[in-house]
Amino acid sequence: MKNTAYIIAAKRTAVIPKGGAFCELKIHELAAPVINGLLKKANISRNSIDELILSNAVGGGGNPARPSVLASNLPESIGGFTIDRQCAGGLDAIWLAAQMIMSGTHNIVIAGGAESASLRPIRMAINNTGAGPIPYDQPNFTGLEGRDPGMLESMAEIAYSSKISRDKQEDWAINSHRKALNKKISDEIIDINNQTKDSFTRNLSKKICQRAPILKGNITSATTAVDSDAAAFCLIVNEEIAKKYSNAIKIVAGVSCAGTPDAPAFATLNSIKKILDATEIVPYSFNAIEIMEAYAAQALIATEAFKFNENSINRSGGALARGHPIGASGAILAVRLYHELQNTGGFGLASIAAAGGLGSSLILSCSSP
């Protein structure tokens, strides 16, 4: 018989733009306070943790989950499990943890992501021509010649072909900041370096948007999430443990899938359709929806495709008002969704796309264990 997985605590740091208050903090230094905050919130013993799964995208490798285990004073017997699925990794880590719980091999798993854009290493490619190493910004995500566009280039083309105007994108971004300013969410944030709120959030206006530099096509700096530093984790347990917690949220379903490699923004649509088909939940049933806002156009495409109720989407603002700590962004969606459902009840959806044409979605529910 398949077990059921629940989230009993969900915490994150503030999201701080690259070069800000977290600029000197390594990945494990961002992760450890959040992990300790989860354990304190749920009153769970460190010795009862079975695994830590950490998503990271732009670090230097070396399994940063392991230093995060040690920095959190978790048992040294936990090796830590690092995954890299770029933007989708944080959400995938949580779904992977849920599957461990559902399989019966694990009882308590901490899962999420941590990212430091500030300490992103310089990448160098070695060649055999005798010339020196060549710096590069990102790896090849598809291995296909001519079919590995940057996320910005791809998004600009999709915004054009989908007729998502600059004006519409700006309105979405302004609304994201407005919602973030109007909602107090300090309960989910662990204080590090006296940072208890997302520092990028501001009173964005149409006038400011119109002055924003164009990055590509009709995508501007105002409608693009900024590179950031942050960490976010969920404490995931089996049903027997969840029965002790009145605030447990059920993990109903998860999907990690892929589509056209050079159109990653459409991968969100693929994962949402797949998870809706699997659960037979209709789009208007969701009380809270967290859709990634790497670009305003990306969120608009998903909203329009499924005719979601916009009042349910990113109720406390999205990544445009926070920032985009790549490996942690999916986990932040899950943390946000967990806390929103504590207020709204019912069903919630989190969804995100990633380079290479990847898409991931997660459905949570307030169903009692």
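The values are calculated or read from the model by the stated rules, or taken from the named source; none is laboratory data. Bear in mind the structure is a predicted one, so any value in this text is a computation, not a measurement. All Cβ positions, glycine included, derive from the backbone under ideal geometry; neighbour counts span all protein chains shown. What goes into the accessible areas is simple: the full protein's heavy atoms, side chains included, and nothing from ligands, DNA or RNA. Shrake-Rupley method; radii C 1.70, N 1.55, O 1.52, S 1.80 Å.
Brief remarks follow.
- Cut-off 13 Å between beta-carbons: net charge of the residues surrounding TYR295, Lys and Arg +1, Asp and Glu -1: -1
- Charge dipole (the chain, unit charges on Cβ, about Cα centre) - positive-most of ALA305, ASN127, PHE266: ALA305
- By accessible area with a 1.4 Å probe, ligands and nucleic acids excluded, highest first: order of TYR136, TYR160: TYR160, TYR136
- Rounded to the nearest 20, the size of the Cβ-charge dipole of the chain about its Cα centre is 840 debye, with Lys and Arg at +1 and Asp and Glu at -1.
- Residue among GLY327, GLY259, GLY89 with the largest mean-square fluctuation in a Gaussian network model of the chain, springs linking Cα atoms under 10 Å: GLY259
- Convex hull (Cα only) mean projected area of segment 31-188, reported in nm² to one decimal: 14.4
- Rel. contact order, % - alpha carbon contacts under 8 angstrom, at least six apart, the chain: 28
- Using the alpha carbons alone, the radius of gyration of the chain stands to its Kirkwood radius in an Rg to Rh ratio of 0.95.
- For segment 1-123, the average shadow cast by the Cα convex hull is 7.6 nm², which is a quarter of the hull's surface.
- Entries in LYS197/LYS243; LYS163/LYS206; LYS11/LYS250; LYS40/LYS244 that, when Cα-Cα distance is taken, lie over 23 Å: LYS197/LYS243
- Just so you know, the Rg over Rh for segment 148-297 is 1.00, from Cα atoms, with Rh as the Kirkwood radius.
- Taking segment 58-180 and dividing mean pair separation by its residue count, relative contact order in percent (alpha carbons under 8 Å, at least six apart): 16
- Over segment 1-68, relative contact order from alpha-carbon pairs under 8 Å, at least 6 apart, %: 37
- Plainly put, segment 50-108 has a radius of gyration that is 0.97 times its Kirkwood radius, both from alpha-carbon atoms, as the Rg/Rh ratio.
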